[in-house]
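Heads up, the thing below is written out as structure tokens.
The values are calculated or read from the model by the stated rules, or taken from the named source; none is laboratory data. Everything quoted here is computed from the prediction, not taken from an experiment. Cβ sites come from the backbone with ideal geometry, for glycine too, and all protein chains shown count toward neighbours.
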Amino acid sequence: MERTLAILKPDCTSRNLIGKVIDKIEAAGFKILGTKLVRLTETTAGEFYAVHRERPFYSELVEFMSSGTVLPIVLEKQNAVADFRTLIGATDPAEAEVGTIRREYAESKGMNIVHGSDSPENAAVEIAFFFSTKELAENGCE
Ligand code: IDP
Ligand code: MG
């Protein structure tokens, strides 16, 4: 079984879309192993997205991700990383496939509702960024 990290971003929580987005995630067959509500500071948001620090959108991204509460979620499923990227759609909602979470709910390329890990290796790093093993349902959820 593979794991990935989702983060419901501040636009998702402030627009009261947590339930609708989790509904889509569960309907697509993902099991939730852990979640919590978190408020990132500019420092912790900057650390999480450090890989993007040379990109022109970095400061906007850090400001946005620390502007409200976020809901990181550890998800499990076969092929979780790739399947979750398919479920959320392209970074820019205008380019995302119909039926994807970003196409349905996101307002812009920056404010795009949800994060998804881009590889199993990064998923492990990102999960450890937010969760200790004690906070996860260790044997999965049936
Ligand atoms: P991803 O979330 O689809 O993996 P990345 O390229 O990893 O996309 O970018 C991380 C996040 O940075 C995006 O989800 C989005 O919130 C923001 N971002 C990416 N490109 C832009 C841009 O061109 N303008 C504003 N924000 C952007
Ligand atoms: Mg990415």
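A few notes on this one:
- The condition of being within 19 Å of residue 126 (Cα to Cα) and either modelled with pLDDT of 95 or more or aromatic (Phe, Trp, Tyr) (or both) holds for only one of 18, 113, 101, that being 113.
- Pairs with Cβ under 9 Å, 6+ apart, first in segment 90-112 and closer than 16 Å to residue 13 by Cβ and among the hydroxyl-bearing types (Ser, Thr, Tyr), second part of a loop (DSSP other than H, G, I, E, B) and within 14 Å of ligand 2 (Cβ to nearest atom): 105/112; 105/113
- Criterion (at pLDDT 95 or above, β-branched (Val, Ile, Thr) and away from ligand 2 (no atom under 16 Å from the Cβ)) met by exactly one of 81, 74, 62, 70: 74
- Residues that are farther than 20 Å from residue 52 by Cβ, among the basic types (Lys, Arg) and either within 9 Å of ligand 1 (Cβ to nearest atom) or outside any helix (DSSP H, G or I) (or both), drawn from segment 62-121: 77
- The set of residues in segment 38-61 being assigned to a strand (DSSP E or B) and of a type in the set (A, V, I, L, M) consists of 38 alone.
- Of all residues in segment 31-44, those that are surrounded by fewer than 21 Cβ atoms within 10 Å (Cβ to Cβ) and touching a strand residue (DSSP E or B) at 6+ places or on another chain (Cβ under 9 Å) total 9.
- Residues that are hydrophobic (A, V, I, L, M, F, W, C), part of a helix (DSSP H, G or I) and under 14 Å from the mean Cα position of the chain (by Cα), drawn from segment 4-32: 12, 18, 21, 22, 25
- Looking only at segment 53-79, and only at residues there that are of a type in the set (Lys, Arg) and surrounded by 12 or more Cβ atoms within 10 Å (Cβ to Cβ), the one that is farthest from residue 127 (Cα to Cα): 53
- Test result for residue 67, more than 19 Å from residue 118 (Cα to Cα) and either touching a helix residue (DSSP H, G or I) at 6+ places or on another chain (Cβ under 7 Å) or in contact (Cβ under 8 Å) with a residue 60 or more places away in the chain (or both): yes
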